[in-house]
1. Give the distance, in whole Å, between the Cα centre of segment 67-98 and the Cα centre of segment 144-175.
2. Where the eigenvalues come from the Cα gyration tensor of segment 1-44, what are the semi-axes √(5λ) of the equivalent ellipsoid, largest first, in whole Å?
3. How far apart, in nanometres, would the label points at residue 111 and residue 143 be if each is projected 7 angstrom from Cα along the Cα-to-Cβ direction?
4. For residue 205, project a label point 7 Å along Cα to C-beta. Then give me every residue of segment 43-87 with its amide nitrogen under 16 Å of that point.
5. GNM, the chain, Cα, under 10 Å: largest mean-square fluctuation among 167, 105, 33?
6. Cα centroids of segment 15-58 and segment 195-215: how far apart, whole angstrom?
7. Anyone know which of 32, 149, 122 comes out most mobile in the 10 Å Cα GNM of the chain?
8. Using only DSSP helix segments of four residues or longer, with each worth -39500 (n - 2.57), what per-residue ellipticity at 222 nm results for the chain after dividing by its residue count and rounding to 500?
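Every number in this text was worked out from the coordinates using simple rules, so none of it is lab data. Bear in mind the structure is a predicted one, so any value in this text is a computation, not a measurement. Note that we place each Cβ from the backbone using ideal geometry, even for glycine, and neighbour counts take in every protein chain shown.
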Ligand SMILES: CCCCCCCCCCCCCCCC(=O)SCCNC(=O)CCNC(=O)[C@H](O)C(C)(C)COP(=O)(O)OP(=O)(O)OC[C@H]1O[C@@H](n2cnc3c(N)ncnc32)[C@H](O)[C@@H]1OP(=O)(O)O
């Protein structure tokens, strides 16, 4: 391993460590029953921590973190899969030929109805996993149409699986199907999704993502 690779690994591990600490903090905050004085004291400490992070350097809007690989969908700070994101589960993804599978467990930070996931969280997870599946075609694409059927509530604190696969490709249009199930009962579909992803024309890519064309 060369020095650059080991430096990237050190950074990856440190980003994941901060993400993990922040996820614990987020979960503790949304579950907290602390009294107002304790909450105010901790709020001051959180503001100081944020100021320290800001002072240590920030990337500008549109800059791609060096740890990302957009060609497979990997984003370090994705709200779905990013080890560095404070509210990502994060979903751990395996890629196969034309499909992807993600494993995750949701917490209080993702709650909608009591004890169950917010429907928008399930939708966000499926959108991203279906985007990764669409990328297995070799073309970068964006969601243009996505529909969900919520067949059963998605429980918090239970290992879950999200799967997405490409079912059709016609020119720039890629059709993808997805689902969320309990990991222990893959036949029990809780959320089903069907979506269409479109590969922008090269000039649209240049207009939307100037300077990033070679990364997509
Ligand atoms: C290059 C990307 C890099 C991204 C790299 C990130 C990598 C790592 C992250 C991985 C994770 C992924 C994350 C999840 C994926 C997101 O969430 S993407 C974000 C949400 N999506 C968007 O913001 C897309 C917004 N839409 C657009 O900007 C434009 O529709 C596009 C995609 C540039 C296409 O524009 P266009 O070429 O003008 O589209 P247009 O010719 O009107 O339509 C093309 C075809 O799509 C159809 N279509 C268009 N809109 C719709 C619609 N709403 N419903 C049905 N059909 C439609 C049209 O009918 C047409 O079909 P045909 O006539 O060809 O049969």
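1. 16 Å
2. Semi-axis lengths for segment 1-44 are 35, 10, 4 Å.
3. 2.5 nm
4. Within reach of a label on residue 205, which here means backbone N under 16 Å from a point 7 Å along Cα→Cβ, segment 43-87 contributes 69-74.
5. 33
6. Result: 36 Å between the Cα centres.
7. Most flexible of the set in this elastic network: 32.
8. After summing the helix terms and dividing by residue count, I get -11500 deg cm²/dmol.
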